[in-house]
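Just so it is clear, none of the values below were taken in a lab; they were calculated from the coordinates. None of the values given here were measured: they were computed from a predicted structure. Note: ideal-geometry Cβ built from the backbone for every residue, glycine included; neighbour counts use all protein chains shown.
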Amino acid sequence: MLIFAYLLPWITGTIWLVWLESFSAQRLQVNLPRALGYGFFLGYFLCSTAIWLLYTMFGQLSATMVSGLLLLLSVLGFFLSWRKHHHGQLTISGKATDIKGWDRWLALLLLTLIIIHLAAAAYDAYSRPLLPWDAWTTWTYRAKIWFLSQELSPFVSTDAWLNTTNPGVYTIPAHNYPAIVSLMQLWPVMLHGQWNDALAIFPGLLAGVALVLALYGQGRSLGWPPLLLIAGVYLLISIPLLDTHLALPGYADLWLGGFAGLGFIALLQWSQSRDRTQLLIGLLFLGLGIFVKREGSLWLMMGLLFVTVQVLSWKLLLAMTASMALAILSGYSLVDLPWLGQIGYADSTFYLSRLGTITLRPQDVSSAIITNLFSNSNWNLLYFYLCASLLLVLLRGKQGAKCPMMSFILLLTAVITTVFFLSAEGEWVKDSTAFGRLLLQVLPALIFVLQLNWQALFRQPATAQADEKR
Amino acid sequence: MKWVLRLPMLSSLLLATLVLAGTATIFLYLQTSTEAITGKTTPIAVDSFRFIKGGGKQQPGLLTIERYTNGKAIISNLQGLENSGRFRYLQFQLTPAKLMDDLPLFFWRSAKTGRLHTMALEENILDHLDLKHHKQWGGPVSEYGFIFSEKNGQHWILRELSFSPDTLEQTYLSIFSDWLEFEVWSQHSVNFLYGGAHSRLPATVVVGTWVLLALLFYSLLMHRNKQALNIRKIAAVLLFGWMLLDARWLFNLFQQTQLTHNIYAGKSSSEQYEAALDADYYRYFQHLKKEVLPAEPQFIYVLDKNSNYFRAKTPWWLAPHNVFNQDSYPRPEYGNKGGYVLILHPVPGLQFDKRTQTLRWGDGGSLPVTPAYLDPLGTLYKIRESGRWYE
């Protein structure tokens, strides 16, 4: 039953991802690792939505109804994909690539290390009681309350809670955090029928497997050599901070890493292949990220800016930047949009729609950031390699890769600077509680950038047609 | 020179190693005391320790701790140290391997007037402790020793104890020890990992610099030779540097997995909680849930002096009871909503008046309650139905 619980959303998501990818003009075959990787996150999102939707409609938490809906969605998705792939001409590209000589041994070594990392994390995730703070105060706590009360009880602010005598209304400091991750954790225990921490948070570990598959699949779609793909996967899975989130699941950052991180990878892939399906998937995942954690809005905005930079000419971009500067100076830099709310900048404050506001309050957190990136063991050598490779790409990289990589890193730097150097959020860097987790949300994309840099410096330009060959 | 040109990558790696080692040594030499090279280690005979609490055996060169009094065994050296500041490191061998925080070192400046200082010995592979981590270390110390806590009647064997000044050799040993220091899962693990970052030379900085320096030398050599760069060799060096740090991380993961296995393996969910560090509180809250509180979810207001781990975790343990844990003193709404008040740690000024059966605080604040369960870990009061708020 548990295997069914863990696999059903994954299968549903994969099928719908295959359907989405069938709109691509560039390939006929299904990229199985990519479909499985992205499909996992899409599937768990669909599963959480199904739990919420069916509860809203029928007023009860029913594992049978959710399973039924997911099965129905899977059948429908399969039918649509089958039709889209010309009635059965759907072929799967998943065969093992031939690696010869020393490369084979190196690949084997890397695969062994990948398995060791995942196995160690799985053992810890399954064997110990829930440890991380925000898991038992927020994310998993809500799932536990919902399961034990068999209701999707609302969580409200302190004032609202104090003024109600309804015993079914709860409160936590983070009462306004999105519910999706808690619903994802609720799903396995709903099917199991008994509360168990390890079962609830175990999909967090599977998310690590999905990240690995998605990264591998996206690299393969660009025709990269197999050793580079395996090395990329190894670099990702051996990042100590990611390892920790896999071994101690329960936080939402790992899940947002699936939506925002993989969303950015899809956008970077599109920047190389110009496959519009990847652009769509990238924006879809970044959009879904909003419902996972509030920082999702930040990443969606960054994604939209990234796409804008890719499609517009430098002249137009310069004109836009100048217009924005003019708007700020003349006081017309804040717009109030229906549904979205206020977006823009005014009176030393950035208005970020539903994400809230960021008031400028410059802080010196450079020392804390340098320690986090280069001195602590959070990231192995990722930032050493990223900095060195970006410098090299800037000096001698191929033009096609230079713009997307540099714009991605510059936009990321702008986000980090605004959030941590210029706002009160900088306090979270000083005690190291938020900075690392924010970067974890885009970690898969940073590894992808590292691989792109490698290709830009030492290999032939990536070909969009690679998928057809594979 | 011919050899350098024939094996450019190997030469670059060696050159990077030399440059890094040389720079590091100069950097450390400038940081260390005047005894950087001449300083001598002072061995301390374990026979000079006496049992203050508990007991055990003293044999030549080793001390065995076997018995505990009220869960503690204390050994003390009354000879003290004339100038403790001369010593930067403490080395010893303790078997079996110790657990973090289980073995505090204590010391007095003066047994009569001074304050007792303690510092927890961090678990590290070389049993090599940096005394500078304790700000009070320095000057004359009249007495020092170790406090052992009983754990399943565990015996300990202590030997080869010595104090060392801040020499280069000891500094390198200390750095190596920091690099391999076991970092157990804790509340900060999901936010950041130290990985020996507090060391005078963090491992990440050393390996990162070494790899990039080697590749820089290699590029310069190849440029001078007018040869193309060998991509495979560059990839190998990059991967090797990464794997070196990953080996350190895997060693930490291995120790963590072993610890998890020893504590939690093969246990049910509730047995795992019983084995955790906060097991006392788990048992306490389970008792409240099963024996004291009604089965239907109740409003429970946690009052505590400050925010802490146990206060924050109460809702988790008491779920599905409806817990509010943000106050130190009751609010007017408590009386309207009804339910229970749980006081985990004494709150200054908040008292239970037995005569009137009310909680009283501040300038006349009171809430009518009935004691429901008393325990050293927390007191539970039921708000009386007719509970009204007075202030």
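Its convex hull of Cα atoms gives region A:1-63 a direction-averaged projected area, equal to a quarter of the hull surface, of 4.9 nm². A simple spin-label model places pseudo-atoms 7 Å from Cα toward Cβ; at B:Glu150 and B:Leu7 they are separated by 6.1 nm.
Values of log10 I(q)/I(0) for region A:306-461 across q = 0.09, 0.18 Å⁻¹ run -0.38, -1.25, by the Debye formula with one identical scatterer at each alpha carbon and no solvent. Measuring nothing but alpha carbons in region B:247-323 and taking Rh as the Kirkwood radius, the Rg to Rh ratio lands at 1.12. Consider a paramagnetic label point 7 Å from the Cα of A:Phe23 along Cα→Cβ; state which residues of region A:256-286 have an amide N under 16 Å from it. The answer is A:266-267, A:270, A:274-286. At a Förster distance of 30 Å, what's the computed FRET efficiency of A:Ala174 paired with B:Glu291, Cβ-Cβ distance as r, to 0.05? Taking R0 as 30 Å, the efficiency between A:Ala174 and B:Glu291 is 0.45.
Using just its DSSP H runs of length 4 or more, each adding -39500 (n - 2.57), chain B gives a mean residue ellipticity at 222 nm of -11000 deg cm²/dmol after division by all residues.
In the protein assembly as shown, one over the average inverse separation of all distinct C-alpha pairs is 30.5 Å, which is the Kirkwood hydrodynamic radius. For region B:262-385, the share of alpha carbon pairs falling in successive 10 Å distance bins from zero is 13, 44, 30, 10, 3, 0 percent.
I need the Debye-formula profile for region A:96-169: one equal scatterer per C-alpha, no solvent, reported as log10 I(q)/I(0) at q = 0.11 1/Å, two decimals. Relative scattering, expressed as log10 I(q)/I(0), comes to -0.56.
For chain A, what is the calculated [θ] at 222 nm in deg cm²/dmol (nearest 500), taking -39500 (n - 2.57) for each run of four or more DSSP H residues and dividing by its residue count?
-20500 deg cm²/dmol
Residue pairs exceeding 19 angstrom between C-alpha atoms, taken from A:Lys144/B:Lys382; B:Lys53/B:Lys132; B:Lys289/B:Lys313; B:Lys2/B:Lys226; B:Lys290/B:Lys382; A:Lys144/B:Lys313: A:Lys144/B:Lys382; B:Lys53/B:Lys132.
What FRET efficiency do you get for B:Asn262 and A:Leu53 if R0 is 35 Å and r is their Cβ-Cβ distance, rounded to the nearest 0.05? For B:Asn262 and A:Leu53, the calculated efficiency is 0.20.
Tell me the net charge near A:His117. Cut-off is 13 Å between Cβ atoms, A:His117 excluded, with +1 for each Lys or Arg and -1 for each Asp or Glu. So the surrounding residues net to -3.
May I ask you to work out the translational diffusion coefficient for chain A at 4 °C, viscosity 1.567 mPa s, via Stokes-Einstein with Rh from the Kirkwood sum over Cα pairs, reported in whole µm²/s? Roughly 56 µm²/s, to the nearest whole number.
Subtract the Cα-Cα distance of A:Arg396 and A:Met324 from 0.36 nm times their separation in residues, and report this length gain in nm to one decimal.
Details: separation 72, 0.36 × 72 = 25.92 nm, distance 3.16 nm.
Once the chain is fully extended between A:Arg396 and A:Met324, it gains 22.8 nm.
Evaluated at 37 °C with a viscosity of 0.692 mPa s, what Stokes-Einstein diffusion coefficient in µm²/s does chain B have when Rh comes from the Kirkwood expression over alpha-carbon pairs? It comes out at roughly 125 µm²/s. Using C-alpha pairs under 8 Å with a sequence gap of at least 6, the mean separation divided by the residue count of chain A gives a relative contact order of 18 percent. Summary of the geometry: region A:260-294 and region A:131-206, compared by the centres of their Cα atoms, lie 28 Å apart.
When you work out D = kT/(6 pi eta Rh) for region B:153-192 at 20 °C and 1.002 mPa s, using the Kirkwood radius from C-alpha pairs as Rh and the Stokes-Einstein form, the result is 158 µm²/s.
Along each principal axis, taking the top coordinate minus the bottom one, the Cα set of region A:124-214 gives 47, 25, 22 Å in descending order.
Give me the mean projected area, in nm² to one decimal, of the convex hull enclosing the Cα positions of region B:247-291.
Details: hull surface 14.5 nm².
So the mean shadow area of the Cα hull is 3.6 nm².
Simple spin-label estimate for B:Leu14 and B:Asn306 gives 5.8 nm between the two label positions (7 Å along the Cα-to-Cβ direction from each Cα).
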